[in-house]
1. Give me the tail of P(r) for the range 117-162 as a percent: Cα-Cα pairs with distance above 17 Å.
2. For the range 72-114, what does the accessible surface come to per residue with a 1.4 Å probe? Please give it in Å².
3. Take the cross-link list Lys79/Lys145; Lys145/Lys166; Lys76/Lys96; Lys96/Lys175 and give me the ones stretching past 20 Å between alpha-carbons.
4. Using a 1.4 Å probe on the protein heavy atoms, what percent of the accessible area of the range 60-99 belongs to carbon and sulfur?
5. Mind ranking 91-104, 164-177, 58-71 by how tightly packed they are, going by the mean number of other C-beta atoms within 10 angstrom, highest first?
Amino acid sequence: WLAVVVTIWLFTGCFVPSSITTINDTPKNPARTDDKIIADMRDRGLSKAKPFYLNEISSKAMRSFVSSYWDATDPKWVKYSGGYVVYFLRDNIRYKVYYTTDGDVQCTIRQFTAEGMPRDIRQMVESAYADFSIFLVLAVTSMEKTRYLVKIEDHDSFKEIKIDDKGMVVTNSFKKSN
């Protein structure tokens, strides 16, 4: 996941916060994909979570969130030195929306399976990697551009593919252990 985070940061400017504060201090389930990075940070002692009140969130960010994602399921807000991140589900897609401290949207990350991919992007991957299956897709939208990070696998390997307006490139490739 570290490679995905670095790739997202390099291409979008979105990043994993270095100082995190959560709404409540109940531990998140580290098995959940959304919370994996934050759980890893806590395990390494890179942040100290402490509760905060929802009224501490920028009203502009809250208004933007409510007007854009009024049907979000179970939103969880995280405060960090660069602003806020809200995690939630919408139409069976996991979202992370990053807001600046001023309340402007910095980027949006959607996580889904192959079924949620745009048809042309899915066909591009499936035609180039016919023997592979898609098991995870991240759509990163920043500055009105969307980039896709696609994870695929076959019998003995994994690949991470980046797709943007410049085309498709394999960013990582791993062999499965026996």
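1. Counting pairs separated by more than 17 Å, the tail of P(r) holds 29 percent.
2. 41
3. Working: Lys79/Lys145 25 Å; Lys145/Lys166 12 Å; Lys76/Lys96 10 Å; Lys96/Lys175 30 Å.
Lys79/Lys145; Lys96/Lys175, as the Cα separations exceed 20 Å there.
4. In the range 60-99, the share of accessible area belonging to carbon and sulfur is 49 percent.
5. Output ranking for 91-104, 164-177, 58-71: 91-104, 58-71, 164-177.
The values are calculated or read from the model by the stated rules, or taken from the named source; none is laboratory data. This is a predicted model, so every value here is computed, not measured. Don't worry about glycine lacking a Cβ; one is built from the backbone with ideal geometry, like all the others, and counts go over all protein chains shown. Each accessible area value is taken on the protein alone, full model and side chains, heavy atoms only, with ligands, DNA and RNA left out. Shrake-Rupley method; radii C 1.70, N 1.55, O 1.52, S 1.80 Å.
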